[in-house]
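What follows is a single structure, written as structure tokens, with notes after it.
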Amino acid sequence: MPITTIVAGVDLSVPSDQALERAAALARMHGAHLVLAHAQADDAPVGGSNDMLAQLGEVSAAVRAEEARRLADKLTKLEQRGNAVELITRVGPPGEVIAQVAKERAAELIVVGTHGHTGISRFLLGSVATAVLRHAPCDVLVCRGTSGPSPFVRPLVATDFSPTAARALRNAAELAGPGVPIEIVHAWQLPAGSWGATLLGQARFPWSTVRDAVLRAAQTQADQVVASHADLAHPLHVELVQGPAASVITHAAERGGHDLIAIGTHGHRGFRRLLLGSVAESTIRHAPCSVLVVHGEHAGDTAKFKKQ
């Protein structure tokens, strides 16, 4: 199925506005319905004098009126650009509100921005983006603040040759411009314990044969990936790089000037299994560009990118 619904988290900040531009462009590209999810803080006072409570109430009302005005302006501008759009505003933690709206609307994609001068390396540990990733029922696109509004033109897909990685490749193709090349990177390492072969010496244990065997197996799988995704109508190129997966992925993105990294995460509970120290989490921390996080088994069967 095609992408029919995109949920964009909006908090009226600059990174949020830039992510909304990206979400709106993708929605127009796919003819998808765009839902803006805005979370309001529960700012009810817990105590104080009558005068103080009255003053706080006036401030809160003024803030919410200004938020409503600015959100209405955004809706008007998006509709003028041709987007089919609606706004949902609720009181609650932003990450949970955004994820719940996505579940209710059976969205295929959530788009959120991230804050901090160092991009998405600063967004983890208690931020809205983290909460969205942990609760989302579908794929999440975390946009770095400098992301442009056009479809992605230099996507990079991380693969471990698993079904989840295949899903990430197909979903990345949905977000890319027509016919743009897609780079695929696979991080490989020698089997555990093979380092000991160097202590024995090449004559007693030709460790290079292990390396060659690992590379041959990886190349065979890489060739299968290209052959099995010929229907994507995107030129595919697979690079095999030795090293820890997260480092290989982020360095490849920096070296190639990529504007999107697509990576899958495993586990029956989807993003709730995104743990500190995992390849996906580490990649999101250090990536120089936007990241599409795709999980293998969707928590509500709401991710319906076509040809999965």
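The values are calculated or read from the model by the stated rules, or taken from the named source; none is laboratory data. Here the structure is a predicted model, which means the values were calculated and not measured. Here the Cβ positions follow ideal geometry from the backbone for every residue, glycine too, while neighbour counts run over all protein chains shown. SASA here: full protein model, heavy atoms, side chains in, ligands and nucleic acids out. Shrake-Rupley method; radii C 1.70, N 1.55, O 1.52, S 1.80 Å.
Overview of values
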| read-out | value |
| --- | --- |
| Unique residue being within 13 Å of the chain's Cα centre (by Cα), modelled with pLDDT of 95 or more and within 24 Å of PRO288 (Cα to Cα) when the list is ILE120, ILE110 | ILE110 |
| Filter result for LEU133 (under 18 Å from ASN171 (Cβ atoms) and either of a type in the set (Lys, Arg) or at pLDDT 90 or above (or both)) | no |
| Segment 136-165, residues that are at pLDDT below 90 and open to solvent by 30 Å² or more (accessible area, probe 1.4 Å) | ARG144, THR146, PRO149, SER150, PRO151 |
| Residue list for segment 174-188, restricted to those being of a type in the set (A, V, I, L, M), out of contact with any Phe, Trp or Tyr (no Cβ under 9 Å at 6 or more places or on another chain) and open to solvent by 10 Å² or more (accessible area, probe 1.4 Å) | ALA187 |
| Matching residues, segment 24-37, being buried (at least 24 other Cβ atoms within 10 Å of the Cβ) and more than 17 Å from ALA72 (Cα to Cα) | ALA27 |
| Among (1) in a loop (DSSP other than H, G, I, E, B); (2) open to solvent by 70 Å² or more (accessible area, probe 1.4 Å); (3) modelled with pLDDT of 95 or more, the one test that HIS234 misses | (2) |
| Any chance VAL85 is over 23 Å from LEU175 (Cβ atoms) and of a type in the set (Val, Ile, Thr) | no |
| Yes/no for ARG204 being of a type in the set (Lys, Arg) and either in a helix (DSSP H, G or I) or modelled with pLDDT of 90 or more (or both) | no |
| Residue that is nearest to LEU190 (Cα to Cα), among those in segment 237-250 that are crowded, with 18+ Cβ neighbours inside 10 Å and small (Gly, Ala, Ser) | ALA245 |
| Residues satisfying the stated conditions in segment 85-105, i.e. open to solvent by 70 Å² or more (accessible area, probe 1.4 Å) and of a type in the set (A, V, I, L, M, F, W, C) | VAL91 |
